[in-house]
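Chemist: Quick one: this structure, given as structure tokens, is what I'll be asking you about.
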Amino acid sequence: PLELLWHSLDEWLVLIATELMKNKRDSANITSILLKQKGPDHQDSAPAPSFATAGTEGRKELSTDAVDLKTYDVAGKQEACADYQDVISMTANRLSAVIQAFYMCCSCQMPQGMTSPRFIEFVCKHDDVLKCFVNRNPKIIFDHFHFLLECPELMSRFMHIIKAQPFKDRCEWFYEHLHAGQPDSDMVHRPVNENDILLVHRDSIFRSSCEVVSKANCAKLKQGIAVRFHGEEGMGQGVVREWFDILSSEIVNPDYALFTQSADGTTFQPNSNSSVNPDHLNYFRFAGQILGLALNHRQLVNIYFTRSFYKHILGIPVNYQDVASIDPEYAKNLQWILDNDISDLGLELTFSVETDVFGAMEEVPLKPGGASILVTQENKAEYVQLVTELRMTRAIQPQINAFLQGFHMFIPPSLIQLFDEYELELLLSGMPEIDVNDWLKNTEYTSGYERGDQVIQWFWDVVEELTQEERVLLLQFVTGSSRVPHGGFAHIMGGSGLQNFTIAAVPYTANLLPTSSTCINMLKLPEYPSKEILKDRLLVALHCGSYGYTMA
């Protein structure tokens, strides 16, 4: 009985697509129709074609008056001067609601977890119009396009628009869908009954927690957590916070050999030799469960991972710049290979490398027959990518898989991909405090800048005006990390050891954005003509330039 509605929906999207292809002045007909829906005597603009809800049955039907376009006077040129953007504003929300209804009806005919081919075809057909809807009013994504979470193919088409939305909005959408169908109250510390309490031992908190969590009901853990330490009476949210805090430190305890410190000494990476611990994969799965539970219940953990590991959690491919976190010198060598012509250097590199396995060096092919394939100027980019994947992914693939198995028990992959690796770190570990005075005191200037220059004074004035979140973004933008090491800015590490935050002068051209070289903690700041322009360009770079890093 709803086929007529779906057919009308399709026709309206085709009609809007046609209007979008015309010049703004040529959109007079449909604009006049939408503005004059109640006839020429009405001054107030009428709604777009009406999709009226019929009671609790969820049925929607098109207003026949709205569909009969011939009844309207389209001769009035004054009312028809609105551009196609107004057409979208007046129709997008209602059409999007019917699109979601169409998706729900299509889903009823499909096995759980599968998206209807008919609906996928529908979205692909009207891709341009739907993206116009979203660009005009991004809130449509959060209000109506819930189908994106259930179909990776469709999500990929809108991902660039989704990630352009404010971090706060995406967080709200994330938790809204994560907790859909669960009780509305915040019951992190209140279990259903006594049997759901996690009883752990302080003197063996890691192993005992691993045992009780593995036996607990996953659905109940999503609803609420209660922890009691053996021999103690205390319970409540404070105990839960303490449990997460202790466990986050225990996860990286070297006695378990699960993680190793990165080159900067502040972040951790899965240990490629973790198999010295016979239970290492079970423990990685448990580590994933703990981080998934913490994120589910908005509990912060006192642990920071390398940028590449956050990428693994998100399913984002690593690149050669990520190697710097575990071996800065090797990363520089890869950069040099990419930047220089290696044709006549006699490097005699092949598509195989030596790698450390429990202290012994072994030859590992990067691809089948790699030992007999020479690296040339033409294939060097492939070589660098394969070396990166070996060191950052292949060498720890079982550990990554086990961790994600536990993490995805509480956090669906489709939801976590709303964020990038920097935002995931903030979600898991919170917003660090940044001392601007310490930052200023331990900053160096180069390429023409000095401390007393006007642009530098404007820069620090802007930093003082930034929110705490924006300061963290600035720190991430320049150093690749949201954290200040123990001891303050004087102890920030670069690719070759201690390296102060540095600001380098760049000649100014209109609309030029700041850039950074994360390997040497350098902000390349154009010589802006005013504080207002400096602040505007800096904020654009911080909010839109997460992928614009270079490496010196």
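The values are calculated or read from the model by the stated rules, or taken from the named source; none is laboratory data. These figures come from a predicted structure and were not determined experimentally. Note that each Cβ is placed from the backbone with ideal geometry, even for glycine, and that neighbours are counted across all protein chains shown. For the accessible areas, the whole protein counts, side chains as well, though only heavy atoms, and no ligand, DNA or RNA atoms are used. Shrake-Rupley method; radii C 1.70, N 1.55, O 1.52, S 1.80 Å.
Chemist: Give the calculated FRET efficiency between Glu527 and Ser275 to the nearest 0.05, with a Förster radius of 56 Å applied to their Cβ-Cβ distance. Numbers along the way, then the final one.
Modeler: Values: r = 54 Å, r/R0 = 0.96.
The formula returns an efficiency of 0.55 here.
Chemist: At 1.4 Å probe size, what's the solvent-accessible area of Thr509? Round to the nearest 10 Å².
Modeler: 80 Å²
Chemist: Using modelled amide H (1.01 Å from N, peptide plane; none on Pro or chain starts), what sits under 5 Å from the amide H of Val506, excluding residues fewer than 5 places away?
Modeler: Close amide H contacts, sequence-distant or interchain: Leu525, Glu527.
Chemist: Counting C-alpha atoms alone, how compact is segment 395-552: give Rg to one decimal and Dmax as a whole number, in angstrom.
Modeler: Calculated on Cα positions, Rg and Dmax stand at 17.4, 54 Å.
Chemist: On to the next question. List the pairs from Lys332/Lys380; Lys131/Lys163; Lys311/Lys380; Lys220/Lys311; Lys139/Lys168 whose alpha-carbon separation is above 18 Å, in the order I gave them. Present the calculation step by step, with values, prior to reporting the outcome.
Modeler: Details: Lys332/Lys380 15 Å; Lys131/Lys163 14 Å; Lys311/Lys380 24 Å; Lys220/Lys311 29 Å; Lys139/Lys168 12 Å.
Exceeds cut-off: Lys311/Lys380; Lys220/Lys311.
Chemist: To continue, here is another question. Sorting Glu19, Glu232, Glu211 by accessible area (1.4 Å probe), largest first, what list results?
Modeler: Working: Glu19 15, Glu232 65, Glu211 100 Å².
Listed by decreasing accessible area, they come as Glu211, Glu232, Glu19.
Chemist: Compute, for Thr518, the solvent-accessible surface of its heavy atoms (probe 1.4 Å) with the complete set of protein chains present, and express it in square angstrom to the nearest 10.
Modeler: Here the accessible area works out near 40 Å².
Chemist: Sort Ile197, Ile225 from largest to smallest accessible area, using a 1.4 Å probe on the heavy atoms of the protein chains. Walk me through the intermediate numbers first.
Modeler: Working: Ile197 25, Ile225 0 Å².
Descending order: Ile197, Ile225.
Chemist: Which loop-located trypsin sites (Lys or Arg not before Pro) does segment 253-342 contain, where loop means any DSSP state but H, G, I, E or B and the Cβ has at most 12 other Cβ atoms within 10 Å?
Modeler: Details: sites: Arg285, Arg298, Arg307, Lys311, Lys332; in loops: Arg298.
Filter output for segment 253-342: Arg298.
Chemist: Cut-off under 14 Å on the C-alpha distance; same-chain residues fewer than 8 positions from Lys524 excluded. Which aspartates and glutamates are left, in chain and number order?
Modeler: Glu444, Glu450
Chemist: I've got another one for you. Return the distance in nm (one decimal) between the two label points of a simple spin-label model at Glu121 and Met235, each offset 7 Å from Cα along Cα→Cβ.
Modeler: Once both label points are built, they end up 5.6 nm from each other.
Chemist: May I ask you to compute the full-extension gain from His160 to Ser89, defined as 0.36 nm times their residue separation minus their alpha-carbon distance, rounded to one decimal in nm? Display every interim value, and only then the final one.
Modeler: Values: separation 71, 0.36 × 71 = 25.56 nm, distance 2.11 nm.
Difference between extended and current length: 23.5 nm.
Chemist: How far apart, in nm, are two points set 7 Å out from the Cα along the Cα-to-Cβ line at Gln405 and at Ser204?
Modeler: 2.3 nm
Chemist: So what's the gap between the Cα centers of segment 434-494 and segment 399-426, to the nearest angstrom?
Modeler: 30 Å
Chemist: Take the Cβ-Cβ distance between Leu2 and Asp420 as r, set R0 to 41 Å, and report the resulting FRET efficiency rounded to the nearest 0.05. Each step should come with its number before you reach the end.
Modeler: On the way: r = 39 Å, r/R0 = 0.95.
Computed FRET efficiency for Leu2 and Asp420 comes out at 0.60.
Chemist: Ok, one more. Relative to the present Cα-Cα distance, how much length would full extension add between Ala490 and Asp453 at 0.36 nm per residue of separation? Present the calculation step by step, with values, prior to reporting the outcome.
Modeler: Values: separation 37, 0.36 × 37 = 13.32 nm, distance 2.22 nm.
Using 0.36 nm per residue and subtracting the Cα-Cα distance, I get 11.1 nm.
Chemist: Mind checking segment 329-409 for GluC sites (Glu not before Pro) that DSSP puts in a loop (not H, G, I, E or B) and that have at most 15 other Cβ atoms within 10 Å? It would help to have the intermediate numbers written out before the result.
Modeler: On the way: sites: Glu329, Glu348, Glu354, Glu362, Glu363, Glu378, Glu382, Glu389; in loops: Glu348, Glu378.
Hits after loop and neighbour filter: Glu348, Glu378.
Chemist: At Ala360 and His543, where each label point lies 7 Å from the Cα along Cα→Cβ, what is the point-to-point distance in nanometres?
Modeler: Those two pseudo-labels are separated by 5.6 nm.
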